[in-house]
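First the structure, then my questions, so here it is.
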Amino acid sequence: MGLLSDPNRRRALISMLTRLNAPICVVCYMAGVAWFMGLAFEPFTLRTYMSENAMGSTMVEERFPSGERALATAREFAAHKKKVGGMPVDWLVKTMEARGLEVFTQRFSRTLPFPDENKERYMVKGTNVYGILRAPRAPRTEALVLTAPCSPDDSNNQAVGLLLGLAHYFRNQIYWAKDIIFLVNDHDLIGMQAWLEGYHHTNTTGMDWSPLQGRGGSIQAALTLELSSDVVTSLDLVLEGLNGQLPNLDLANLFYAFCQKIGVLCTIQGKLQRNDWDSVSGYSHAVQTMMLMVMKQASGRPWGDHGLFLRYHIEAATIKGINSFRQFKTDATTIGRLLEGMYRKLNNLLERLHQSYFFYLMPSLSHFVSIGYYMPAFGLLAVILLLRALDLWVQLASPPPRSEDGMTDVEESSPGLLSVLTPLVISHLTGAALYLLPIHFQEMAVEHFPVSETEAVVLTAIAVYTAGLALPHNTHRFVSGEGTEQGWRVLKLVALLYLAVLLGCTALINFSLGFILALTLVPLAAFITPHVPKVLSAFILVILSPACTLLFSVFFFQELQEMPVSFQDGWVLYLSVISQGILDHSLYGSLVYPLISLLVYPCWLLFWNILFWK
Amino acid sequence: MAAPLTLLLIVAVTIRAVLFRSSLAELIAERVEVVSPITAWKRVVEGLALLDLGVSPYAGDVFHETPLIIYLFHFVVDYAEITFMLADVITAVALYMAVKDYNKQVFRKQKFALEADRYPHDCLELIRSPREMYYIPLKVAMFYLLNPFTILSCVAKSTCGLNNAVVAVFILTTIKGNMLLSAIFLCLATYQSIYPLTLCAPAMLYLMQRQYIPVNFRRASFWWFVVQYLFMYLGSLFVLICLSFFLLGSWDYLPSVYGFILSVPDLTPNIGLFWYFFAEMFEHFRLFFLCVFQINVFFYTIPLSIKLKEHPVFLIFMQLAVISIFKSYPTVGDIALYMAFLPVWSHLHRFLRNIFLVSCVLLACSALFPVLWHLWIYAGSANSNFYYAITLLFNVAQILLVSDYFYAFLRREHHLTYGLYLKRKDGSEATLVLK
């Protein structure tokens, strides 16, 4: 407490912090970025290990024999699907019943706010089919879920076949202590959302669905299976869920452990693990893997059908079969054995998975970075904002230097509340417009301009966003005769603290999003004043604005996936990403779009306002 | 001055009315930061339902408010929203009038001191001018009515707003010098939540100061005054307790209200310090630590009263802050009450040292409460330690804030006696160090 109470030491500390403010900020920024890049370096990461006792020490034997039969079922399913021209509900019900499950169906319908051009759907109607295998060994209070999405095209038939094969095999075993629910969901995430809402009796997004007729116990874990070929070369694990939420790390550990045991190649973000961490290429491989995870997490959308389970406190992941040109092939029996092993271990759980980490990044499947290691990277960036705020506070608190004639303007020392409040209110109103207008004005836009609905929504969003840039001039029209030297300092102090709190909260919920936003917004927040060169700074400000960050992220993501795109394609992709973001918000309640439009964008506008302070 | 106050009241009531009509109201009423097991409206409704069925409202271990509150709402339950808005308005107006009166006295005292030439000559810049004091009462009302904490508390229909109103009226009557009403309202406040008991000391000090009775244990007049005040206080407390007994026809409410406050059986997370400690603690230490924690609230009365016996209004502020930090079920509404007093001490700003740090921490914590709650309860990825860490930080910031004001107040008084620019014995400039 000596530091807080001794005035001399305080003065020394504060004068050091204000004198060396700029260098300290630069050092912090570099250190933050360096720390983040260091996270992918293998010696700095931890090896994954199974924390859950119930899954670690017990041995299970995998005996699933009937992969070929599952593939035959898959072909039958494909034929029926083609005949019906959608999901063959009757056939599925019959097949599941023949395998001894309690079968139920759920109908749902949902009209999207505007047509989804990626998946070509607008008014969605579908049926989920699920069968429950009742636990013979326990009071049926807990359940596990295995799902396979039924997609309209020809993919994923093998997953449904394997699911039915596993159901048939599981039915004949006596050791199940948890109900196992086999779910074939229609229209991927929309069907999943309907089923989960029905199962938990909630309705958060205003979807129409028929209530579920049968339930198991409370769901402990879920796996989604995506399989589009008879043999696969590797299995990919997808963890990122809605709003960047991740399942407990033990689920990933479980998958990795069984892949090792059975001898299946496993990947994360589609990247194999490499052992040459000390070489440059090995390190860059790890960085790529981690960056892919960061980008996916930051997008806040579910990257597999498992993504919606996480919201209900259910640990879930998607297992995706990948068939590439490698020599080594894995057949359906082996994948079935892998799933059997995983379900038997999950069956042994005594509590929910909670022992291991929930906040982590994975530079490879066998290594992870926990929250304690990655948060300092963000902290180093966030502390810049606080240092700048402290600097401003000291400047505001110390009396302004007397001007030549020895007079200090009385008005100057007390900037009106109005001059700070007006930009705040106006920029938030612009943010609210950005949030509300695109969806509400699509009809009008479609009437007056030759665009489709989806284009109308995206272009309105971009138009509102750009229109907000004209804001400073409007603000000053409202507050005539304002704009003192103290005024912008107060406004900047408010904006800095606002941004710091905002980024801090974002980073806690979704680290990747918070970090990417901090990476771009912190430097501009640190240097912006009305006295820097206008044109150049305005250019930098626009480049670092959230919309441009998104554009760069799209290109960067494509680059990371080793699918670089031309600028033209990238732009198209960018527009579709915006429309997907808005759709994710209204369909599943993803928070990224409201966060950006209602909070981050207004905050950025405040800095834009400071630059054009008159 | 009436016009701005009216305008303020209209704005405040409009904000509340709009929020009551919006969908946010339900969300806010569920927040643990805003309602405690004692003040939650949901529990009051439950108590009312039990009362209507002819069962004792305390039968179900859900309702923990006092009998007077439930009988109040028995009659006005249909106008609950108006009642809560009215309570806020009463609080604000009472604080406004109290502070106005207090400022007048401060100014008069300062004038006498100046005329008697009691202040050192270099202290003229510490003298308060009527111009800067003119808007303080309005600012106090504004700090209370437009404080987001108050608004949240009102929209959640937390009965904390009613307690605040009672305390505010107590402060008003004390400052106006009405001994009987002061005792009665203090007794009402005590009846509501026990802790305002500690406000007894500042009230007596203030009234004695007003009647020119010296605080001297050897004087009979001092003891006569204390006996008088305590008689009125305890007498009205007795009446209230008996009244409650006759209303309900049983003593059920005593363990259910005061036992509940003192023994802290409900460990629902809140912004206070109790829940986590007592959730973690071994059962056989519980009683001991319960005593330690509860004594904390009451104990500071003695040293503070001795140190601040010349400044009872500042003592009231300190006591309110101490209560809202250390009470067993604090909510943001309690914090709002003492924060309303901050403009009264705006002349201390030049002596405050940590105000920037403290306000940053308070701001960040207020934003982090819902975020960490979401991560803990809904997402399931964080745990109670995350939430408690923020609670702890929030309370440390509050303690720093209060001690900062305390230090600044004492320092100003010191300067008013010894001069602003202190010299060491050798003539060099001296600095004050708090150790």
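The values are calculated or read from the model by the stated rules, or taken from the named source; none is laboratory data. If you're wondering where the values come from, they're calculated on a predicted model, not measured in any experiment. Because the Cβ atoms are built from the backbone with ideal geometry, glycine has one as well, and the counts that use them run over all protein chains shown. To get the accessible areas, we keep the full protein, side chains included, count just its heavy atoms, and leave off ligands, DNA and RNA. Shrake-Rupley method; radii C 1.70, N 1.55, O 1.52, S 1.80 Å.
Write out the chymotrypsin sites (Phe, Trp or Tyr not before Pro) in the stretch A:30-94 meeting two conditions: DSSP loop, and at most 13 other Cβ atoms within 10 Å of their Cβ. Display every interim value, and only then the final one.
Values: sites: A:Trp35, A:Phe36, A:Phe41, A:Phe44, A:Tyr49, A:Phe77, A:Trp91; in loops: A:Phe41, A:Tyr49.
Of the chymotrypsin sites (Phe, Trp or Tyr not before Pro), the ones in loops of the stretch A:30-94 whose Cβ has at most 13 other Cβ atoms within 10 Å are A:Tyr49.
Hey, which lysines would be in cross-link range of A:Lys271, C-alpha to C-alpha under 16 Å, not counting anything within fewer than 8 residues on its own chain?
A:Lys296, A:Lys320
Among DSSP beta bridges whose residues both lie in the protein assembly as shown, state the antiparallel percentage, nearest 5.
Antiparallel bridges: around 55 percent, rounded to the nearest 5.
Test of understanding: what is the full-extension gain from B:Leu181 to B:Ala80, defined as 0.36 nm times their sequence separation minus their Cα-Cα distance?
Length gained between B:Leu181 and B:Ala80: 33.8 nm.
Could you look at chain B and say what percent of its accessible area is carbon and sulfur, using a 1.4 Å probe and all protein chains?
Numbers: 13590 of 19820 Å².
That fraction is 69 percent.
In addition: What are the trypsin sites (Lys or Arg not before Pro) within the stretch B:186-254 that DSSP puts in a loop, where the Cβ has at most 11 other Cβ atoms within 10 Å?
Answer in residue order: B:Arg218.
May I ask which of A:Lys178/A:Lys261; B:Lys109/B:Lys157; B:Lys104/B:Lys307; A:Lys81/A:Lys261 have a Cα-Cα span longer than 29 Å here?
Beyond 29 Å: B:Lys109/B:Lys157; A:Lys81/A:Lys261.
Helix B:136-145 versus the longest principal axis of chain B: what is the Cα-based angle in degrees, 0 to 90, to the nearest 10?
So the inclination is approximately 20 degrees.
Under unit Cβ charges (Lys, Arg +1; Asp, Glu -1), what dipole magnitude, rounded to 20 debye, does the protein assembly as shown have relative to its Cα centre?
Here the protein assembly as shown has a charge dipole of around 2500 debye.
Now a separate question. Specify the residue with the greatest mean-square fluctuation among B:Phe20, B:Phe356, B:Phe217, computed from a Gaussian network of chain B linking alpha-carbon atoms under 10 Å apart.
Taking springs between Cα atoms under 10 Å, the residue moving most is B:Phe217.
Under the Cβ-under-4.7 Å rule, which cysteines of chain A stay unpaired?
Cysteines lacking a close Cβ partner in chain A: A:Cys25, A:Cys28, A:Cys150, A:Cys505, A:Cys548, A:Cys603.
Please list the radius of gyration and Dmax for the stretch B:1-135, considering alpha-carbon atoms only, with Å as the unit.
Using the Cα atoms of the stretch B:1-135, the pair Rg, Dmax is 22.7, 71 Å.
Now a separate question. Along the charge dipole of chain B, Cβ charges K/R +1 and D/E -1, which of B:His347, B:Asn270, B:Pro202 sits furthest on the positive end?
Positive-end residue among those listed: B:His347.
Something else now. Which value, in debye to the nearest 20, gives the size of the charge dipole of the stretch A:44-160 about its Cα centre, when Lys and Arg are +1 and Asp and Glu are -1 at the Cβ?
The calculated dipole for the stretch A:44-160 is roughly 280 debye.
Sketch the reach of a paramagnetic label on B:Tyr421 as a point 7 Å from Cα along Cα-to-Cβ, and name the residues of the stretch B:106-141 whose backbone nitrogen lies under 19 Å away.
B:119-127
Could I ask something else about it? Apply 1/(1 + (r/R0)^6) to the Cβ-Cβ distance of A:Ile174 and A:Phe41, taking R0 = 56 Å, and write down the FRET efficiency to the nearest 0.05. All intermediate terms of the calculation are to be shown ahead of the outcome.
Numbers: r = 48 Å, r/R0 = 0.86.
According to the calculation, E is roughly 0.70.
Kindly tabulate the residues in the stretch A:274-321 with an accessible-area decrease of at least 30 Å² between the chain alone and the assembly of all protein chains, using a probe of 1.4 Å.
The answer is A:His313.
Around A:Gln269, with a cut-off of 9 angstrom between Cβ atoms, what is the net charge of the other residues, counting Lys and Arg +1 and Asp and Glu -1?
+1
So for the protein assembly as shown, taking the charge dipole from beta-carbon charges (+1 Lys/Arg, -1 Asp/Glu), which of A:Asn510, B:Val35, B:Ala165 sits furthest toward the positive end?
About the Cα centre, the residue reaching furthest to the positive side is B:Ala165.
Additional query: Residues of the stretch A:486-514 with amide nitrogen under 19 Å from the 7 Å Cα-to-Cβ point of A:Phe527?
The answer is A:492-493, A:496.
Can you give the mean number of other chain Cβ atoms that lie within 10 Å of the Cβ atoms in peptide B:373-384?
Average neighbour count from other chains, rounded to a whole number: 5.
Right, something else. So what's the angle, to the nearest 10 degrees on a 0 to 90 scale, between helix B:312-326 and the longest Cα principal axis of chain B?
Approximately 40 degrees, to the nearest ten.
Skipping prolines and chain starts, which residues have an amide H placed within reach, meaning under 5 Å, of the one on A:Ser590, given they are 5 or more residues away or on another chain?
Residues meeting the amide H criterion: A:His585.
Checking understanding here: applying a Kyte-Doolittle mean of at least -1.0 and a length along the axis of at least 27 Å (C-alpha), which whole DSSP H helices in chain A pass?
TM-like helix candidates: A:280-299, A:371-397, A:417-440, A:485-509, A:567-588.
Helix-only mean residue ellipticity at 222 nm, the protein assembly as shown, DSSP H runs n ≥ 4 weighted -39,500 (n - 2.57), per residue, nearest 500. What is it?
-19000 deg cm²/dmol
I need the calculated FRET efficiency for the pair A:Phe556 and A:Ala397, taking r as the beta carbon distance and R₀ as 41 Å, to the nearest 0.05. Before the final figure, lay out the partial values.
Values: r = 42 Å, r/R0 = 1.02.
It comes to 0.45.
In whole Å, largest first, what are the principal axis extents of the Cα atoms in the stretch B:352-417?
Computed over the Cα atoms, the extents are 58, 16, 10 Å.
Report the accessible surface area buried between chains B and A, summing both sides, using a 1.4 Å probe on protein heavy atoms only, in Å² rounded to the nearest 100. All intermediate terms of the calculation are to be shown ahead of the outcome.
Details: alone 20810 and 26740 Å², together 45590 Å².
It comes to approximately 2000 Å² buried between B and A.
Which of the aspartates and glutamates could a cross-linker bridge to B:Lys111, judged by Cα under 20 Å and excluding same-chain residues fewer than eight apart?
Excluding near neighbours in sequence, the set is B:Asp101, B:Asp122, B:Glu125, B:Glu132, B:Glu310, B:Glu413.
Can you pull the three principal axis extents for the Cα set of chain B, in Å, largest first?
If we take the Cα atoms of chain B, the spans are 74, 54, 53 Å.
Would you mind computing Rg(Cα) / (2.2 N^0.38 Å) for chain A, counting N as its residues?
Relative to the 2.2 N^0.38 Å estimate, chain A comes out at 1.10.
Out of B:Met133, B:Met85, B:Ile70, whose Cα points farthest toward the positive end of the dipole of the stretch B:56-155 (charges: +1 Lys, Arg; -1 Asp, Glu; placed on Cβ)?
Towards the positive end, the residue furthest out is B:Met133.
Additional query: Write out the chymotrypsin sites (Phe, Trp or Tyr not before Pro) in the stretch A:237-326 meeting two conditions: DSSP loop, and at most 14 other Cβ atoms within 10 Å of their Cβ.
Loop-located and lightly packed - A:Phe325.
Between B:Trp224 and B:Leu247, how high is the FRET efficiency from 1/(1 + (r/R0)^6) when r is the Cβ-Cβ distance and R₀ = 35 Å? Nearest 0.05.
Efficiency, rounded to the nearest 0.05: 0.50.
Same structure again: Specify whether the C-alpha gyration tensor of the stretch B:128-279 places it in the rounded, prolate or oblate class, a ≥ b ≥ c being the square roots of the eigenvalues: rounded for a/c under 1.5, otherwise prolate if a/b is larger than b/c and oblate if not.
Oblate, since a/c reaches 1.5 and b/c is not below a/b.
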